[in-house]
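Each remark here refers to the structure printed beneath this line.
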Amino acid sequence: MEKVVSDSNINEGMVLVSAMHITAGVFINDNEDGFLQDLDEMLEKMAPFGPQYHHHRTGEDNGDAHLKNMLIGHQVIVPVTDGKLDFGPWQQIYYAEFDGRRPKKLIVKAMGE
């Protein structure tokens, strides 16, 4: 993301990062040991993989991935100040893939002056 901000030449503004698919997500959190495993375990408890979803009537079998997208969210906005991303000391942007069957797009837009 730092390269996006640098290439954009914005000094003050924001960067939008959006997963362009309904079975993927984007979020910001601390890069701390064990966090991603804890997140995976929590999401699996809340929306476990399995045959129990009404969505599967469509012929798909990724109902859990759609729900996990809703729990995580599909986009984040990060402020830019003095030409740098405004993150906390350990924060970073994460991309979360819940299905993995189709090619996905991630859109990044830097906006500002």
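Just so it is clear, none of the values below were taken in a lab; they were calculated from the coordinates. Not measured: the values here are computed from a predicted model. When we count neighbours, we look across all protein chains shown, and the Cβ atoms used for this are built from the backbone with ideal geometry, even at glycine.
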Taking Rg and Dmax of the Cα atoms in Å straight from the coordinates, which label in [x] 16.3, 51; [y] 14.4, 44; [z] 15.0, 50 is the correct one?
[x]
Rounded to the nearest 10 degrees, the helix 35-46 long axis (Cα) sits at an angle to the longest Cα principal axis of the chain of 40
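Hey, can you rank 12-20, 77-85 by average C-beta count inside 10 Å, highest first?
Result, highest mean first: 12-20, 77-85.
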Roughly how tilted is helix 63-72, in degrees to the nearest 10 and between 0 and 90, from the longest Cα axis of the chain?
30
Let's see if you can work this out: charge +1 on each Lys and Arg Cβ, -1 on each Asp and Glu Cβ, no other charges. What is the dipole magnitude of the stretch 2-112 about its Cα centre, in debye to the nearest 20?
600
Please give the calculated 222 nm ellipticity per residue for the chain, where each DSSP H segment of at least 4 residues contributes -39500 (n - 2.57) and the sum is spread over every residue; nearest 500 deg cm²/dmol?
-7500 deg cm²/dmol
Of K3/K105; K45/K109; K3/K68; K3/K104, which sit over 24 Å apart, Cα to Cα?
K45/K109; K3/K68
Which order do the peptides 67-74, 31-38 come out in when sorted by mean C-beta neighbours inside 10 angstrom, highest first?
67-74, 31-38
